[in-house]
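Have a look at the structure below before the remarks.
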Amino acid sequence: MMLCAWGDASSLTPYMSARNQSLSPIDRASEIRADAAKLSLLWQSAQILPVIDGHIGANDGQLRFLTAENVEFLSASFESGERYFLGLARDGAQPYFAWRTSWINEPSDEAVKFESFRTLREVGGDLHEVDLTLAMHAVGLCNWHATHPRCSRCGAETMSDLGGSVRVCVADSSQHHPRTDPAIIVLVKDGADRILLGHQSIWPEKRFSTFAGFVEPGESFEECVSREVFEEAGVYCNDINYLRSQAWPFPASVMIAFEAITDHPDTAKADGVEITEIQWFSRQEMKAAIAKAELLLPPMISVARTMITGWYTAKAGHSVEDLIGGEAWRS
Ligand SMILES: [Zn+2]
């Protein structure tokens, strides 16, 4: 199944970047989650990211945080909501929380007016690394809490516990953990070092991207890559290599990125359902198509874009400046 997703990446560093192998800029400090008194104390000095009906606020590449005092002050405009501990900054131990809530009525405070909140899809491309990391965690966690108000075993209510890292059933005390759905994303190449991209009918006209899909039960990532590429593009891959992974909380995925080589480029054919058009590109063809506005690449923030850029610039004389467009997620 094709995802309406690009996967992220936030930098144009091709392939296995240093960032990909480094620690998250936020220490999740999971050892604190069971200490309710400590969490209450940390809340008082926390940068609190309000996630209001799934929306967040951002300005000039930075998230809009609230203080505990702000949250208190806004209590007439918002439901009391739930607090989720996101972790500590690695430099200085600043605590971060998400506050999942809903509007009761529009507050007069400019900072939390309806129109200043948007989805992570809309603002994610502008966020710098630390804020993107926090937003990915907060939105993914809030998405899960919002959709798991009841126990999947007995149907009773569940309550957030351990700083928001689990929900616990009030009737049978069973613990329910946030789920993350793995999805592969793959850059398909042929022996001549061309790449194969596909177009989904729901995407903007002329936008092409890599292939992606959810991993099914009992399936390895590599098997999923083979299946998805064959289902959507009609080609078998014979060489599959892992590149990197990426949190993708829309609503709850992690994208596992691969490149794959096929010896049968001529069999490529769109499935006509999810993928309505496919096309092989050499570097020259890609450059020309972009220059003539006949090709729109996936957004800068996507891992799809990172893979395409990595391939394009791997050969001397091919500059990232050739790959214009795709600054916004939806354009
Ligand atoms: Zn239960």
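Every read-out reported here was derived from the displayed coordinates using simple, explicitly stated rules and does not represent laboratory data. This is a predicted model, so every value here is computed, not measured. Methodologically, a virtual Cβ is constructed for each residue, glycine included, from the backbone with ideal geometry; neighbour enumeration extends over all protein chains shown.
So the values come out like this:
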item	result
Stretch in the chain that is longest and holds no GluC sites (Glu not before Pro) that DSSP places in a loop and that have at most 14 other beta carbons within 10 Å	80-204
P(r) of the chain over all Cα-Cα pairs, binned every 10 Å from zero, in whole percent	5, 24, 30, 22, 14, 5, 0
Selection from THR180, PHE114, GLY163, by position along the positive dipole direction of the chain (Cβ)	GLY163
Assigned charges on the beta-carbon of Lys, Arg, Asp, Glu; the stretch 20-127 dipole about Cα centre (debye)	360 debye
Relative contact order of the stretch 183-235, pairs being alpha-carbon contacts under 8 Å that are 6 or more residues apart, as %	36 percent
Cα centroid of the stretch 123-169 to Cα centroid of the stretch 205-269, whole Å	27 Å
Principal axis dimensions, the stretch 181-322 - Cα atoms, whole angstrom, descending	43, 32, 30
Nearby aspartates and glutamates by direct alpha-carbon distance to LYS292 (threshold 16 angstrom, same-chain neighbours under 8 apart not counted)	GLU205, GLU321, ASP322
Estimated distance in nm for a label pair at ASP263 and SER173, the labels positioned 7 Å out from Cα along Cα-to-Cβ	5.9 nm
Dipole of the chain [Lys/Arg +1, Asp/Glu -1 at C-beta], most positive-end residue of ALA247, PRO25, VAL51	PRO25
Dipole magnitude of the stretch 181-322, debye to nearest 20 (Cβ charges: Lys/Arg +1, Asp/Glu -1, about Cα centre)	640 debye
Helical mean residue ellipticity (222 nm; -39500 (n - 2.57) per DSSP H run of 4+; nearest 500) of the chain	-6500 deg cm²/dmol
Cα long-axis angle, helix 221-233 against the chain (0 to 90 degrees, to the nearest 10)	60 degrees
About the Cα centre, charge dipole magnitude for the chain (Lys/Arg +1, Asp/Glu -1 at Cβ), debye	280 debye
